[in-house]
Amino acid sequence: MPVARTSATRRPPGERRAELLRLLEEHEGDGLAIAELAPLCGLHPNTVRAHLEVLVDEGRAQRRPDPRHVPGRPRELYRATG
């Protein structure tokens, strides 16, 4: 069961981003989608997306579309840039 976040359990954004980078480094390969990262770190997908945008802007992570062979928007995969 997810833990309810309160001011006592909140962590600074830098710690969250470090955790996301650690997860991306641990799951090297094609990368991870937001839907895969969110449950791993216990954050809402929108929160994960916001943190990943900062990491991409800083050059610490990269984003690329997942190749699809069916109609629809491809999901975006994220990898640590190392």
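Every read-out reported here was derived from the displayed coordinates using simple, explicitly stated rules and does not represent laboratory data. What you are looking at is a predicted structure, and each value in this text was computed from that prediction instead of being measured. With ideal geometry, Cβ positions are generated from the backbone for all residues, glycine too; neighbour counts draw on all protein chains shown.
Annotations for the structure displayed:
- Working note: Cα gyration tensor of segment 23-82, eigenvalues times five, square-rooted, sorted largest first, giving semi-axes of 18, 14, 12 Å.
- Burial order of peptide ranges 56-66, 22-32 (average beta-carbon count within 10 Å, highest first): 22-32, 56-66
- More than 15 angstrom apart: percent of Cα pairs within segment 12-52: 29 percent
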